[in-house]
Structure formats: C-alpha cells, structure tokens
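Every number here is computed from the coordinates shown, using simple stated rules; none is lab data. Treat the numbers as computed from the prediction; the structure is a model and nothing was measured. Every residue, glycine as well, gets a Cβ built from its backbone with ideal geometry; the counts of neighbours run over all protein chains shown.
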Amino acid sequence: MLSIIVPTYREADNILPLVTRIRAVLERRGDYEIVFVDDNSADGTEAKVDELQRAGVPVRIIVRRNERGLSTAILRGFREARGDLLLCMDADMSHPPEAIPGMLDTLARENADLVVGSRYVPGGSIEEGWGFYRWLNSQVALWLARPLSRVRDSGAGFFLLPQRLFAQATDLNPIGYKMLLEVSVKCRCRKVIEVPIQFADRKFGQSKLSFREQLLYLLHLKRLYDYKFGFWSRLVQFCMIEGSGVVVNLLALQGLQAGGLSFALADGLAVGLAMAWSFWPNHLLAFDPLVRAPVGAQYGRFMLAGFIGGMANWLLAVGLTHGTTWFAGHTNLAAVAGIALGAVINFARSSRRGARRPVGEQV
Ligand code: GDD
Ligand code: MN
C-alpha cells in the first residue's frame with residue numbers, strides 16, 4: 001500500500017483540488033491512503049478532510065496542536081503511515097500528482113531505495129513565476145548541500161521511499177524545511193533516482209518559507225555536516241573561526257606596537273581582542289534559534305573557557321621574544337607561534353566537548 005503524506009499549514013483551499021487530482025491518477029493503481037499532517041491551521045482543513053473521509057475517500061488527518069514545522073510534520077506522517085511505500089508532497093499542488101505513477105514505476109522497475117521528483121534533472125522545470133531572487137536562493141541552498149548528498153535536487157519536497165528504508169534510519173532529527181536532505185543523509189539509500197517534474201506555482205494560499213526557515217536551513221546543514229563528517233567538519237569550522245582570529249590578532253599587534261606599546265603589552269591586548277572577536281563567529285555557528293540563553297552570560301563563559309589557551313599563547317610569544325635573540329628580531333613570528341599553541345589547546349578542548357555530545361544535540 002502507498003501512503004501519501006501531505007504536511008499542511010493553512011491550505012484549506014487546496015485540500016479538495018489536491019485530493020481530486022490524486023484520486024484521478026491513482027484510481028486503478030491499488031491501495032493507497034492520504035495522510036494530512038496539519039499544525040492546527042484552524043482554517044477548516046480538518047472539516048474538509050473529515051467530509052472526504054465520510055464520503056469514503058481514503059484520507060485521514062493528524063493534527064498537531066503544540067508543534068510547528070514542515071520536516072517534523074513529515075516525520076510524524078511517515079511514522080504513522082500504514083503503507084509499505086511512503087511518499088511525501090506539498091499540499092499546494094506545486095508537485096504534480098500526475099507524476100506519482102511514474103515515480104512508483106521507477107521505484108519498482110529499478111528496485112530503487114529513493115525516488116525524487118526533481119526540478120534539476122533534464123526534463124525538470126520550474127514555472128515562470130519564480131523571480132531571480134528565489135531561483136538564486138534555491139541554487140545557493142543546493143550548492144551548500146552538495147557535499148552531503150548525491151541528490152541534485154536535495155531541496156525537493158516530493159519523494160518516495162520504501163517504509164523499510166525509512167525504518168532503518170537512525171537519529172532522524174530534522175529542523176526546518178529540508179526533510180529530503182535529512183533522509184538522504186541518514187537513510188543509507190544506495191540507489192537514488194531522480195525523475196523530472198514540472199514544479200508549479202501555488203494558486204491558493206501563501207508560502208510559509210520565511211527568513212527564519214532559511215536560518216534554520218543553515219543550522220540544519222551544520223548538524224548534517226557534523227553528523228556526516230564528524231571531526232573533519234568541526235576542524236573546518238574551527239579553522240575558519242581561528243583564521244579570522246589570527247587576522248584580528250596580528251592586525252591589533254601591529255597597530256598597538258605602532259602606537260608605541262611594548263611587544264609584551266601589545267601582544268597581551270591583541271590576544272584578548274582576538275578572543276573577544278572569535279566569540280561572534282563561534283556564536284553564529286552554534287546559533288540555535290530554539291535556545292534562548294542570554295548572550296552576555298555566553299560571552300562570559302566563552303572568555304573564561306578560552307583563558308588557558310590565551311594565556312599560553314601570550315606566555316609563549318613573550319617567552320620567545322625575551323628568551324631568544326632570533327625571536328627578539330622576529331616578534332611577529334613569536335606571536336604566530338603563540339597563536340598556534342593557543343589554537344591547539346582550544347581545539348583539543350572544544351573537540352573533547354563536541355565528542356561527548358550526542359549526535360544532533362546543539363552546541
Ligand atoms: N504541518 C506543517 N507545518 N506543514 C507546513 C509547515 C508547518 O510548519 N510549513 C509549511 N508546511 C506545508 C505547506 O502547507 C505546504 O503543503 C508544504 O509544507 C510546502 O510549504 P510552502 O510554504 O508551499 O513551501 P515552498 O513552496 O516555499 O517550498 C516548497 O518548495 C521548496 C523548493 O523550492 C517545499 O516543497 C520545500 O520542501 C522545497 O524545498
Ligand atoms: Mn509551495
């Protein structure tokens with residue numbers, strides 16, 4: 001049996017036309033059910049589904065009263081589905097129901113693990129209404145996900161997979177919009193096939209893809225990178241942050257020395273400044289809109305935690321310039337040596353902390 005999961009938030013006007021189109025294409029294709037997962041839209045969606053159900057149409061609705069979110073809604077639908085095949089699609093008819101039989105045939109014929117209704121394979125397209133901004137946005141989003149997934153249209157919301165593959169996935173913990181990305185990284189799907197679809201503009205209601213969703217996407221990406229690449233992902237993030245700190249540190253050192261400060265004093269201040277700076281990129285990467293802790297307290301903890309690394313940095317730089325004649329003539333290199341020592345100490349500390357955390361939990 002096929003279970004079609006349709007997440008909805010304020011899509012009352014789309015229920016009937018969507019169900020009508022699905023029925024028309026699945027009429028002669030055996031058993032199926034349509035499962036709406038609605039986040040308490042309170043716009044008449046429930047009543048519409050109930051009415052269809054009374055008329056004998058295989059539909060039902062799950063209403064979540066205390067939760068919002070596209071991916072978690074899909075997850076809930078997948079978990080409660082009765083079919084051995086799971087398909088998910090948008091309610092607004094952007095995903096043409098007429099493509100479903102082709103997706104089912106492809107899955108069966110190719111014995112595939114995952115079939116995606118894709119905009120970005122030959123034959124796929126997007127209706128004209130997409131402005132340059134939405135197109136660019138979509139391209140950048142896909143490009144950022146490239147190392148994570150082989151799916152060309154990893155942002156798609158139209159895909160089909162056998163229930164047994166979904167059941168094998170561990171640690172599913174999606175946030176935001178991109179359930180397919182989560183599934184393709186964590187479901188161990190070996191054979192993935194993309195079939196072209198014509199992505200249509202919605203006719204009724206409004207898109208819920210907000211700026212907040214885009215921030216959530218970045219957070220989701222970070223989680224998946226950490227999940228897939230573990231140590232290496234943390235190392236790259238650490239190097240990016242540390243790299244920016246090195247620039248701040250060296251610039252400040254030059255400036256302060258040019259202003260007449262001694263090396264020891266200038267380097268001490270520069271190290272402190274670089275630490276104060278690194279808080280922000282760190283904060284950004286660990287950014288979690290779901291956690292609201294006061295920034296001031298986080299700042300304090302961050303500076304305290306970095307104190308040992310910063311101290312080691314400064315002591316080594318000053319020790320080298322005072323203890324050796326060579327470094328006395330190459331003070332910048334002494335500063336760099338200090339920075340390197342501080343970085344190693346900080347990384348060891350932060351990766352120990354990272355490794356202790358269960359996968360998916362936030363920094
Ligand atoms: N239950 C629930 N909860 N459903 C939601 C929520 C939510 O918080 N937010 C959105 N939905 C439902 C909508 O009602 C619709 O059926 C579907 O999810 C897609 O939402 P849209 O608001 O229409 O999103 P979109 O058109 O901007 O995004 C679609 O295209 C993107 C590709 O550009 C989705 O398919 C995305 O997954 C896809 O990445
Ligand atoms: Mn849409």
*Gain in length, Ala55 to Val140, computed as 0.36 nm per residue apart minus the alpha-carbon separation, to one decimal in nm?*
26.1 nm
*Collect residues whose amide H, placed 1.01 Å from N in the peptide plane, falls under 5 Å from the amide H of Phe199; neighbours closer than 5 in sequence don't count.*
Ser125, Ile126, Glu127
*Please give every one of the aspartates and glutamates within straight-line cross-link reach of Lys186, meaning a C-alpha to C-alpha distance under 12 Å, and leave out same-chain neighbours fewer than 8 residues apart.*
Asp171
*Please identify the GluC sites (Glu not before Pro) of the stretch 109-144 that satisfy two criteria: DSSP loop assignment and at most 12 other Cβ atoms within 10 Å. Which are they?*
Glu127, Glu128
*Vicinal HN-Hα couplings computed from phi for the stretch 211-217 (Karplus, 6.51 cos²θ - 1.76 cosθ + 1.60; Hz; Gly/Pro x)*: 4, 4, 4, 6, 5, 4, 4
*Express as a percent, rounded to the nearest 5, the fraction of DSSP beta bridges in the chain (both residues included) that run antiparallel.*
20
_Kirkwood hydrodynamic radius (C-alpha pairs) into Stokes-Einstein, the stretch 231-353, 20 °C and 1.002 mPa s, D in µm²/s_ = 143
_Dipole of the stretch 2-229, positive direction: furthest Cα of Leu2, Leu86, Val192, with charges on the beta-carbon_ = Val192
*Identify the trypsin sites (Lys or Arg not before Pro) of the stretch 125-168 meeting these criteria: DSSP loop state and at most 14 other C-beta atoms within 10 Å of the C-beta.*
Arg150
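By average Cβ neighbour count within 10 Å, what is the ranking of 257-264, 39-46 from highest down?
Per-residue Cβ counts within 10 Å, averaged per peptide and sorted highest first, yield 39-46, 257-264.
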*Alpha carbon centre of the stretch 68-126 versus the stretch 176-242: separation in Å?*
16
*Could you work out how far apart the two model spin labels at Thr20 and Ser262 are, taking each label as a point 7 Å from the Cα in the direction of the beta carbon, and quote it in nm?*
8.6
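Which value in Å does the Kirkwood hydrodynamic radius of the chain take, with 1/r averaged over all unlike C-alpha pairs and then inverted? Present the calculation step by step, with values, prior to reporting the outcome.
Values: mean 1/r = 0.0426 Å⁻¹.
One over the average 1/r among Cα pairs gives 23.5 Å for the chain.
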*Cross-link list Lys191/Lys222; Lys178/Lys222; Lys48/Lys178: which exceed 19 angstrom alpha carbon to alpha carbon?*
Lys191/Lys222; Lys48/Lys178
*asked:* Can you pull out the trypsin sites (Lys or Arg not before Pro) in the stretch 76-117 whose DSSP state is coil and whose Cβ has at most 13 other Cβ atoms within 10 Å?
replied: Arg82
